[in-house]
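Trainee: Before anything else, here's the structure in question.
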Amino acid sequence: MGFVDKAKGLLLNPTKTFQGSKGDSLGDALKYAAVWFVILGVLAGIVLAAVIGALASMYEQLPGLGQFVDTLSGWGYALVPVVIVMTVIGGIIGLIIGGAWTHLWVYVCGGRKGYGQTVKALAYGGTPGYVLGWIPFVNFIGSLWALILSILGLRELHEISTGRAVAAVLLAVLIPGILYAAIIASTGSATLSS
């Protein structure tokens, strides 16, 4: 299945597409995600440049900010390639590390098909996030949709129940969230007491 057909299948008929992806290699899934990360990075870079350009034109109207506006405009366009590279590198590293963390919980919940299947579920399940991730505010919808697709992917690729797939994803997401909240709360209370 080609890149476009895979993306279309994941968005329109995810269960069937995940079932057909069981034989894909981990490399196939990472290549698929890498192509999306490049596309996402380019689109996010363009949005960043447009936002910075808009801010620069707003500040251009204010007296005494000429140097600031020139610097802001220059940085906006210089950051585009950085955004692209960081999106690709960060995305692949995130899939590998996030896949390992998620796989721990998939394993606890009964998934025994291997780490590669977990990463494939996340790489392919991220498709709505790749498609919508560059659009401010709408990217939240893509993230939620990607979470649901990742659950479906874990269910199909690990051959576990939907409940077990949901439990694995909730554990993978909630445990770091709870730890983060605890750190913030303890830091906040320590700051207030001093």
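The values are calculated or read from the model by the stated rules, or taken from the named source; none is laboratory data. Keep in mind that what you see is a predicted model, and the values were worked out from it rather than measured. Here Cβ is always computed from backbone atoms with ideal geometry, including for glycine, and neighbour counts include all displayed protein chains.
Trainee: I'd like the residue in the range 114-136 that is of a type in the set (A, V, I, L, M, F, W, C) and assigned to a helix (DSSP H, G or I) and, out of all such residues, is farthest from THR87 (Cα to Cα).
Mentor: Restricting to residues being of a type in the set (A, V, I, L, M, F, W, C) and assigned to a helix (DSSP H, G or I), the top hit is ALA121.
Trainee: Report every pair of residues separated by at least 6 positions or lying on different chains whose Cβ atoms are under 7 Å apart, first residue within the range 124-148 and among the β-branched types (Val, Ile, Thr), second surrounded by fewer than 21 Cβ atoms within 10 Å (Cβ to Cβ) and assigned to a helix (DSSP H, G or I).
Mentor: Once the first residue is among the β-branched types (Val, Ile, Thr) and sits in the range 124-148, its partners that are surrounded by fewer than 21 Cβ atoms within 10 Å (Cβ to Cβ) and assigned to a helix (DSSP H, G or I) give THR127/ALA7; THR127/LEU11; VAL131/GLY142; VAL138/LEU132; ILE141/LEU132.
Trainee: Look at ILE178 and say whether it is of a type outside the set (Lys, Arg), over 20 Å from LEU30 (Cβ atoms) and outside any helix (DSSP H, G or I).
Mentor: no
Trainee: Taking the range 90-113 as the region of interest, how many residues are of a type outside the set (A, V, I, L, M), over 15 Å from the mean Cα position of the chain (by Cα) and assigned to a helix (DSSP H, G or I)?
Mentor: 3
Trainee: Answer with yes or no whether LYS22 is out of contact with any His (no Cβ under 9 Å at 6 or more places or on another chain), assigned to a loop (DSSP other than H, G, I, E, B), surrounded by fewer than 18 Cβ atoms within 10 Å (Cβ to Cβ) and at pLDDT 85 or above.
Mentor: Against the criterion (out of contact with any His (no Cβ under 9 Å at 6 or more places or on another chain), assigned to a loop (DSSP other than H, G, I, E, B), surrounded by fewer than 18 Cβ atoms within 10 Å (Cβ to Cβ) and at pLDDT 85 or above), LYS22 qualifies.
Trainee: Any residue at all in the range 176-189 that is modelled with pLDDT of 95 or more and β-branched (Val, Ile, Thr)?
Mentor: No.
Trainee: Now, a different point. Counting only residues that are more than 14 Å from the chain's Cα centre (by Cα) and part of a loop (DSSP other than H, G, I, E, B), how many does the range 137-175 have?
Mentor: 4
Trainee: Follow-up. Based on this model, can you work out whether ILE151 counts as touching a residue at least 24 places away in the same chain (Cβ under 8 Å), touching a helix residue (DSSP H, G or I) at 6+ places or on another chain (Cβ under 7 Å) and not acidic (Asp, Glu)?
Mentor: yes
Trainee: If I go through the range 165-194 residue by residue, how many of them are in contact with a Cys (Cβ under 8 Å, 6 or more places away or on another chain), surrounded by 19 or more Cβ atoms within 10 Å (Cβ to Cβ) and not small (Gly, Ala, Ser)?
Mentor: Residues in the range 165-194 being in contact with a Cys (Cβ under 8 Å, 6 or more places away or on another chain), surrounded by 19 or more Cβ atoms within 10 Å (Cβ to Cβ) and not small (Gly, Ala, Ser): 0 in total.
Trainee: Could you grab me the full set of residues in the range 25-60 that are modelled with pLDDT of 95 or more, part of a helix (DSSP H, G or I) and of a type in the set (Gly, Ala, Ser)?
Mentor: Hits for the range 25-60 are GLY27, ALA29, ALA33, ALA34.
Trainee: Suppose we keep only residues that are crowded, with 23+ Cβ neighbours inside 10 Å, out of contact with any His (no Cβ under 8 Å at 6 or more places or on another chain) and not small (Gly, Ala, Ser) within the range 96-127. Which one would you say is farthest from ALA167 (Cα to Cα)?
Mentor: Looking at residues that are crowded, with 23+ Cβ neighbours inside 10 Å, out of contact with any His (no Cβ under 8 Å at 6 or more places or on another chain) and not small (Gly, Ala, Ser), I get THR127.
Trainee: If you don't mind, there's one more thing I want to ask. Can you pull out every residue in the range 7-45 that is more than 17 Å from GLY91 (Cβ to Cβ) and in contact (Cβ under 8 Å) with a residue 24 or more places away in the chain?
Mentor: LEU11, PRO14, THR15, THR17, PHE18, GLN19, SER21, LYS22, ASP24, SER25
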